[in-house]
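Values quoted throughout were computed directly from the atomic coordinates according to the rules given, and no laboratory measurement underlies them. All values reported here derive from a predicted model rather than from experimental measurement. Note that we place each Cβ from the backbone using ideal geometry, even for glycine, and neighbour counts take in every protein chain shown.
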Amino acid sequence: MIRALVEQANEEKRDWFESLGRGYRYNREQKAYGFELIRESGVRATARILNIPRRTLQRWCRKHQVFVRRCPSWVYEWAERRRKKRTFWQRIGYSYQ
């Protein structure tokens, strides 16, 4: 059920992207929308959502000097929480393999 909702949201984003311009080349509005999605979700997810090659998005980012982190910010927060849990449990006496 959740997967269906996500697919529906992605389809709406894809339709919006395609409605911004028609033709062989992507226009400025489409690229701006792509950059917005890249900031939210990252390059790989945006490529999947919009059904365009990841290399195209990476080329846009290089050309327009848009810096993209390797992963979203929540991943760093999640990793820090995981590290703290691991040290806590090791201090108590449990060990991770």
* Asked: Which is part of a loop (DSSP other than H, G, I, E, B) and of a type in the set (Val, Ile, Thr), of Val75, Val68?
  -> Val68
* Test result for Ala47, surrounded by 15 or more Cβ atoms within 10 Å (Cβ to Cβ) and part of a helix (DSSP H, G or I) -> yes
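Here's the yes/no breakdown for (1) touching a residue at least 60 places away in the same chain (Cβ under 8 Å); (2) out of contact with any Cys (no Cβ under 9 Å at 6 or more places or on another chain); (3) of a type in the set (Val, Ile, Thr); (4) on the phi < 0 side of the Ramachandran plot:
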{"residue": "Leu5", "(1), (2), (3), (4)": "no, yes, no, yes"}
{"residue": "Trp16", "(1), (2), (3), (4)": "no, yes, no, yes"}
{"residue": "Glu29", "(1), (2), (3), (4)": "no, yes, no, yes"}
{"residue": "Gly42", "(1), (2), (3), (4)": "no, no, no, no"}
{"residue": "Arg48", "(1), (2), (3), (4)": "no, yes, no, yes"}
{"residue": "Ile52", "(1), (2), (3), (4)": "no, yes, yes, yes"}
{"residue": "Trp78", "(1), (2), (3), (4)": "no, yes, no, yes"}
* Out of the residues in the stretch 18-44 that are assigned to a loop (DSSP other than H, G, I, E, B) and of a type in the set (D, E, K, R), which is farthest from Gln58 (Cα to Cα)? -> Arg22
